[in-house]
Amino acid sequence: MPRVLLGVSASISAYKAADLISQLKKQQIDVEVIMTKNSTKIIPPLTLQVLSKETVHLDVMTEQNPLEINHIDLVKRADLFLIAPATANIIGKIANGICDDMLSTTAMAVHDIPKLIAPAMNTYMYSNPAMVDNLTTLEKYDYTIIEPKESLLACGDYGKGALADINVIIDAINKQLF
């Protein structure tokens with residue numbers, strides 16, 4: 001069975017990771033989840049653990065198996081790496097090689113598998129020149145950007161920045177895996 005390594009960062013759309021995992025499992029795709037600390041304030045890790053049937057990884061300094069280096073071995077088991085939702089913060093970290101949490105450290109170790117990223121943020125953040133540069137950098141690093149949609153955002157603004165629909169994300173995954 002193919003295995004997706006899913007990173008979840010602290011966008012309000014983090015709750016949609018539950019549906020994403022559920023849809024992938026229905027397609028016989030295994031999912032391992034890495035959450036940022038702040039994403040756990042939006043959706044509990046237990047929810048994603050129950051749906052994925054896998055341990056949710058939260059802390060780079062927690063090594064559950066002494067025979068493994070978790071952030072390295074997670075990548076070795078994966079067939080595809082995806083961050084959905086991807087905040088401006090995690091995009092900036094990865095684009096600039098900053099490794100200060102489980103997700104950004106694991107992202108640095110990803111090699112030889114497809115890398116997808118689905119931004120989700122305020123429309124003004126998404127169009128900020130720094131964000132545009134960071135996404136361009138990620139494309140140079142072989143990330144496929146799953147474009148956010150235009151929508152009424154949680155903050156009340158309307159524009160491009162909402163997490164792509166789950167079926168769009170699933171289609172992007174399937175194009176890479178099958």
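The values are calculated or read from the model by the stated rules, or taken from the named source; none is laboratory data. Values in this document were obtained by computation on a predicted structure and should not be read as measured data. Don't worry about glycine lacking a Cβ; one is built from the backbone with ideal geometry, like all the others, and counts go over all protein chains shown.
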Checking the condition closer than 25 Å to ARG3 by Cα and of a type in the set (Gly, Ala, Ser), which residue from ALA154, ALA130, ALA109 passes?
ALA109
Failed criterion for ASP79 (all others in (1) surrounded by 13 or more Cβ atoms within 10 Å (Cβ to Cβ); (2) within 24 Å of TYR15 (Cβ to Cβ); (3) touching a residue at least 24 places away in the same chain (Cβ under 8 Å); (4) not β-branched (Val, Ile, Thr) hold)
(2)
Would you mention how many residues in the stretch 24-46 are assigned to a helix (DSSP H, G or I), crowded, with 17+ Cβ neighbours inside 10 Å, over 12 Å from the mean Cα position of the chain (by Cα) and touching a residue at least 24 places away in the same chain (Cβ under 8 Å)?
1
Name the single residue, out of those in the stretch 47-64 being aliphatic (A, V, I, L, M) and in a loop (DSSP other than H, G, I, E, B), that is surrounded by the fewest Cβ atoms within 10 Å (Cβ to Cβ).
MET61
Right, ILE21: surrounded by 21 or more Cβ atoms within 10 Å (Cβ to Cβ), more than 17 Å from ASP101 (Cβ to Cβ), of a type outside the set (Ser, Thr, Tyr) and at pLDDT 95 or above or not?
yes
Given the criteria of a type in the set (Ser, Thr, Tyr) and at pLDDT 95 or above, does TYR141 qualify?
yes
Pull up the stretch 51-96, narrow it to residues that are among the charged types (D, E, K, R) and under 14 Å from ILE34 (Cα atoms), then point me to the one that is modelled with the lowest pLDDT.
GLU63
Within the stretch 124-146, the residues that are touching a Gly at 6+ places or on another chain (Cβ under 6 Å) and among the polar types (S, T, N, Q) are ASN134
Filtered residues of the stretch 65-74 (kept if aliphatic (A, V, I, L, M) and surrounded by 18 or more Cβ atoms within 10 Å (Cβ to Cβ)):
LEU74
Among all residue pairs at least 6 apart or on different chains, which show Cβ distances below 8 Å where the first residue, located in the stretch 158-178, is charged (D, E, K, R) and the second is not in a helix (DSSP H, G or I)?
LYS160/SER127; LYS160/GLU147; LYS160/PRO148; LYS160/LYS149; LYS160/GLU150; ASP165/LYS149
Quick one: count up the residues across the stretch 112-152 that are aliphatic (A, V, I, L, M), surrounded by 13 or more Cβ atoms within 10 Å (Cβ to Cβ) and out of contact with any Lys or Arg (no Cβ under 9 Å at 6 or more places or on another chain).
10
Please state which of the following conditions MET121 fails to meet, knowing it meets all the rest: (1) closer than 25 Å to SER151 by Cα; (2) aliphatic (A, V, I, L, M); (3) within 13 Å of the chain's Cα centre (by Cα).
(3)
I'm trying to understand the selection: among the residues of the stretch 146-165, which are out of contact with any Phe, Trp or Tyr (no Cβ under 9 Å at 6 or more places or on another chain) and of a type outside the set (Asp, Glu)?
ILE146, LYS149, LEU153, ALA154, CYS155, GLY156, TYR158, ALA162, LEU163, ALA164
